1. In segment 140-163, what residues are out of contact with any Leu (no Cβ under 9 Å at 6 or more places or on another chain), touching a residue at least 12 places away in the same chain (Cβ under 8 Å) and surrounded by fewer than 14 Cβ atoms within 10 Å (Cβ to Cβ)?
2. Does segment 134-150 contain any residue that is modelled with pLDDT of 85 or more and either within 29 Å of LYS57 (Cβ to Cβ) or in contact with a Ser or Thr (Cβ under 6 Å, 6 or more places away or on another chain) (or both)?
3. Just give me the residues in segment 151-184 being of a type in the set (Val, Ile, Thr), modelled with pLDDT of 85 or more and over 17 Å from ILE132 (Cα atoms), in sequence order.
4. Return the residue satisfying two criteria in turn: it lies in segment 30-40 and is over 11 Å from the mean Cα position of the chain (by Cα) and in contact (Cβ under 8 Å) with a residue 12 or more places away in the chain, and of such residues it is nearest to ASN110 (Cα to Cα).
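The values are calculated or read from the model by the stated rules, or taken from the named source; none is laboratory data. It should be emphasised that the depicted structure is a prediction, and the values quoted were computed from it without experimental measurement. Backbone-built Cβ (ideal geometry, glycine too); neighbour counts: all protein chains shown.
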Amino acid sequence: MKVGLIIAGALMLIVVGFGLVIGLSYISYSNNEIRLRNTIEAKQKDNTSEFDNMWKKIAQVTQVTEKDRDSLMQVFNSYAAARTGGDNNQLVMKWIQESIPNVSNELFKNLQNIIVSSRDSWTMRQKELISINNERNILLEQFPGSFFLSGRPKIEIKIITSSRTDKTFETGKDDDTDLFSKKADK
């Protein structure tokens, strides 16, 4: 009788221990998924803010208003398409000086630095967002996470690209390597 009670007690302890391990595993996986989901949502909001900040820096340095942005891009594209030869930086500088006459060489260099550093920062943020989303997807798809987290939807992240990039990936071809001798795609 005592042996039977000891065996029953041991089995009960194993079942409770197993249940505790399962419960704690569920809590751990669920908390990790929630952390990643919230990080992705926050990163997307942060990227929106960073993109806005990037445009504002460029606009403030050049004193370009929001309403002038599209027309200046059209001017840039037409100037870039019409000009061949010469240094590309000189062509861009000439375009900026003609479009915004009060831009000096020093201001142009400052503008170049702002654009390059802002775009690099933006690219890094986009890559971070992709990486965090990938980490969450792996958690959702790999066992045992897939067991505990089944039914949780994937998150569609918003990655900002250009029409040219979309077209390149759609066709699988990138033949337009000479940006300044013909009209660039918008």
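1. Within segment 140-163, PRO144, ILE160, SER162, SER163 qualify.
2. Looking through segment 134-150, none of the residues is modelled with pLDDT of 85 or more and either within 29 Å of LYS57 (Cβ to Cβ) or in contact with a Ser or Thr (Cβ under 6 Å, 6 or more places away or on another chain) (or both).
3. THR171
4. THR39
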